[in-house]
1. Quick check on my filter: what residues within the stretch 34-52 are part of a helix (DSSP H, G or I) and either open to solvent by 40 Å² or more (accessible area, probe 1.4 Å) or more than 20 Å from Val5 (Cβ to Cβ) (or both)?
2. Could you list, in sequence order, the residues of the stretch 53-90 that are outside any helix (DSSP H, G or I) and of a type in the set (Asp, Glu)?
3. With the requirement that a residue be assigned to a loop (DSSP other than H, G, I, E, B) and surrounded by 13 or more Cβ atoms within 10 Å (Cβ to Cβ), what does the stretch 3-17 give you?
4. Mind checking whether some residue in the stretch 21-33 is out of contact with any strand residue (DSSP E or B) (no Cβ under 7 Å at 6 or more places or on another chain) and open to solvent by 80 Å² or more (accessible area, probe 1.4 Å)?
5. Of the numbered conditions (1) open to solvent by 60 Å² or more (accessible area, probe 1.4 Å); (2) in contact (Cβ under 8 Å) with a residue 40 or more places away in the chain, Leu66 fails exactly one; give the number of that condition.
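The values are calculated or read from the model by the stated rules, or taken from the named source; none is laboratory data. Computed from a prediction, not measured in an experiment: that's the story for all the values here. Cβ coordinates were reconstructed from backbone atoms using ideal geometry, including for glycine residues, and neighbour counts include every protein chain displayed. Accessible surface is based on the protein model in full, side chains and every heavy atom, while ligands, DNA and RNA are left aside. Shrake-Rupley method; radii C 1.70, N 1.55, O 1.52, S 1.80 Å.
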Amino acid sequence: MDEKVKRILEKAHRSDKNHSFRSRCQLILLKSEGSSSQEVGDILKICSMSVNNWTAKFNAKGIEGLRIQSGRGRKPILSKENDADLVIENSKEEQTKTLCG
């Protein structure tokens, strides 16, 4: 591994705000030191398949491959732009019901 990349990974592992990203940086550092996927998985409490998947993403995309890409995960049911008034109105109705019994 290139020394510059290693320094960047070490810094990110120590100081990045995102815990998951820090763990993935540690994963790559451990793999670069010769640890097996099973050993890294045991240390980080993840399966060796996840270790292999993140290693492949790192090899394909570099450090940015270790970040979660936008658009992942469950989409919100409500949007701030369209549903804010509805949420406020329903909250007021619920408060009225609670106060009036």
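1. The answer is Gln38, Glu39, Gly41, Asp42, Ile43, Ser48, Met49, Ser50, Asn52.
2. none
3. Of everything in the stretch 3-17, just one residue is assigned to a loop (DSSP other than H, G, I, E, B) and surrounded by 13 or more Cβ atoms within 10 Å (Cβ to Cβ), namely Asp16.
4. Taking every residue of the stretch 21-33 in turn, at least one turns out to be out of contact with any strand residue (DSSP E or B) (no Cβ under 7 Å at 6 or more places or on another chain) and open to solvent by 80 Å² or more (accessible area, probe 1.4 Å).
5. With respect to (1) open to solvent by 60 Å² or more (accessible area, probe 1.4 Å); (2) in contact (Cβ under 8 Å) with a residue 40 or more places away in the chain, Leu66 is out only on (1).
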